[in-house]
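The next block holds one structure in the form of structure tokens; read it before the comments.
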Amino acid sequence: MHQDKSKKHIFWLMGPTSSGKTTLARLFYQRLLSASDFTLHFDGDEVRDTFGNNYGFTNNDRLLVVKTLVYVSNKGYTAGANVVVSALTAFNDARLYIKKNLQKSIVIYLRCSLSECIQRDPKGLYAREKLGEISTLVGVNNRYNEPECPDIILDTEGSTPEESLQELISKLDKIQINI
């Protein structure tokens, strides 16, 4: 079956650790899947889990994760899929790479304060950092700077995941991307 790529996009969700990227991406993926016959979701942590020790936490390793996500996302888009990506994407080199190499993308920044991210901490990363078990946590050991020009900004701090999903859909409608 031929897919109409004119209505397809790559939706890249970025934000600090525990800002809600993966949770919102999964909800959004399910929403797209119910409205479309071909949707993919790729997550930065899944790339790390799949390739294991090949991807560490240096800036170069983080860029390699982004390059991998861009590659598979472009392949999915070319095949006619809507693609949802959830990835930290903390540094400018990765953001520039996305801007230069990602096809038909919508960049969505999830804004959430460090104190709220620490409070949430679903993977226990902030707790492990505090104990000295890890020293590469972006937001604590390196500053997470807001992206300069995302297409959409969602403040996830005071919202439930479902409220953030509704806000995302509303903001997409405003830029004439109907889900």
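The values are calculated or read from the model by the stated rules, or taken from the named source; none is laboratory data. Note that the coordinates shown come from a computational prediction; the quantities given were computed from them, not determined experimentally. Cβ sites come from the backbone with ideal geometry, for glycine too, and all protein chains shown count toward neighbours. Only protein heavy atoms, including side chains, enter the accessible area calculation; ligands, DNA and RNA are left aside. Shrake-Rupley method; radii C 1.70, N 1.55, O 1.52, S 1.80 Å.
Structure notes:
- Relative contact order of the chain, pairs being alpha-carbon contacts under 8 Å that are 6 or more residues apart, as %: 33
- Equivalent-ellipsoid semi-axes of the stretch 24-179, from the Cα gyration tensor, Å, largest first: 25, 20, 15
- Top of Gly80, Gly20, Gly132 by mean-square fluctuation, Gaussian network on the chain, Cα under 10 Å: Gly132
- Cα-based helix-to-principal-axis angle, 92-101 vs the chain, degrees rounded to 10: 20
- Cut-off under 5 Å, modelled amide H: who pairs with Val84 long-range: Phe11, Leu40, His41, Phe42
- Applying 0.36 nm per residue to the separation of Leu63 and Asp173 and subtracting their alpha-carbon distance, the gain on full extension is 36.5 nm.
- Heavy-atom accessible area order for Thr160, Thr22, largest first, 1.4 Å probe: Thr160, Thr22
- Each Lys and Arg adds +1 at its Cβ and each Asp and Glu adds -1 at its Cβ; summed about the Cα centre, the stretch 39-88 shows a dipole of about 200 debye.
- Unsatisfied cross-links (Cα-Cα over 25 Å) in the set Lys8/Lys123; Lys104/Lys171; Lys123/Lys171; Lys8/Lys67; Lys7/Lys100: Lys8/Lys123; Lys123/Lys171
- The chain - charge dipole about Cα centre, Lys and Arg +1 at Cβ, Asp and Glu -1, debye rounded to 20: 520
- In the chain, helical runs assigned H by DSSP with n ≥ 4 each contribute -39500 (n - 2.57); averaged across all residues and rounded to the nearest 500, the mean residue ellipticity at 222 nm is -13500 deg cm²/dmol.
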